[in-house]
Structure formats: C-alpha cells, structure tokens
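Quick notes on the structure that follows.
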Amino acid sequence: MFDTVVIATDGSESVKRAVSVALDLSERFDATVHALYVIDASEVESSPESVRDQFREALEESAEEALEDVAAGTDLPVQTAIREGRPAAEICAFAREVDADVVATGTRGRHGENRFLIGSVAERVVRTCESPVLTVRQLQEA
C-alpha cells in the first residue's frame with residue numbers, strides 16, 4: 001500500500017514522534033524512505049546581509065544533522081534531500097517528484113479553548129499536497 005514515504009523534518013523536538021511513526025510505517029510496508037529538510041528561504045533573506053551566508057551554512061548543518069537522525073532511526077536505506085524555498089510548497093513539490101504514497105510531518109500543537117491548531121507549514125501541506133498527508137502530534141511529556 002505504501003511504496004514511497006516522504007518524511008518532512010525540521011529537526012525539532014516536535015517532529016521526532018512523526019519521524020518515528022513514519023519510519024515504523026515504512027518498515028511495515030518495506031517502503032522507500034525519503035527524508036526532506038526545507039530551509040525556509042524567507043528566514044535566510046530576512047537575516048542581515050552581513051551574516052546571511054553564515055546563517056545559511058548553519059541551517060545546512062542543522063539540516064544534515066536532522067536528516068542523519070532520520071536515517072539513524074531505521075535499518076532501511078534513507079534517501080535524503082535538502083531544499084530551500086517555501087517549506088510547504090517545497091514539501092509538496094518533492095512529494096510529486098518522488099511519487100510519494102504518503103507524506104509524514106509533525107505538528108506544533110497549540111491548545112486553545114477546546115481546539116487544536118496545527119502549525120502553518122503542516123496545515124498548508126495538508127491543504128495543498130496531492131499525496132495523502134500523515135500528521136503526527138507530539139505527545140506531552142509524562
């Protein structure tokens with residue numbers, strides 16, 4: 001049922017459970033795993049020009065670490081990619097390119113009065129991605 005799984009990661013604590021769930025799903029179906037990190041171009045462009053290159057390098061290092069963490073969580077081979085652009089648009093474009101059967105992403109939960117909102121990137125991916133999207137909420141620490 002799932003031959004190709006895309007895991008969108010930003011390396012944050014809130015995405016770790018999503019990575020774990022996506023890797024479990026991939027292992028159960030012996031799926032091809034693609035891990036994607038998107039450097040938000042607007043963050044880079046809004047940084048002071050004098051530090052922009054250093055900032056981009058730091059983000060690329062963070063991306064590599066996040067992707068290594070995904071690969072370390074499974075015995076399956078993991079194909080990794082780093083993109084720069086608008087995160088939701090890049091995730092959806094990447095999913096189309098690899099013909100993803102599912103895209104897994106974490107959410108950043110915010111509790112309001114009896115409601116749960118997901119992060120803007122996750123929300124945009126859910127609304128615009130042609131592939132099914134698995135959103136995984138980080139559980140509260142016990």
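Annotations
- For the peptides 27-40, 63-76, 46-59, the ranking by mean Cβ contacts within 10 Å, running from highest to lowest, is 27-40, 63-76, 46-59.
- Amide H to amide H distances under 5 Å link THR4 with THR32, ASP101, VAL102, where only residues 5 or more positions off or on other chains count and H is placed in the peptide plane.
- Three-way shape label, the stretch 43-105, alpha-carbon gyration tensor, a/c 1.5: oblate
- Residue-normalised accessible area of the chain, given per residue in Å² at a 1.4 Å probe: 60
- Listed residue (PRO87, VAL125, SER62) projecting farthest to the positive dipole end of the chain, Cβ model: VAL125
- DSSP-defined antiparallel bridges as percent of all bridges, the chain, nearest 5: 15
- Debye, to nearest 20: dipole size of the chain, +1 on Lys, Arg Cβ, -1 on Asp, Glu Cβ: 760
- Dipole orientation for the stretch 1-114: of the candidates VAL51, THR4, GLY73, THR4 has the Cα lying most toward the positive pole (charges on Cβ; Lys, Arg +1; Asp, Glu -1).
- With every protein chain in place, the chain: carbon and sulfur % of accessible area (1.4 Å): 44
The values are calculated or read from the model by the stated rules, or taken from the named source; none is laboratory data. Bear in mind that the values here come from a model prediction, so they are computed numbers and not experimental data. Cβ sites come from the backbone with ideal geometry, for glycine too, and all protein chains shown count toward neighbours. Side chains included, ligands, DNA and RNA excluded: accessible areas come from the protein's heavy atoms. Shrake-Rupley method; radii C 1.70, N 1.55, O 1.52, S 1.80 Å.
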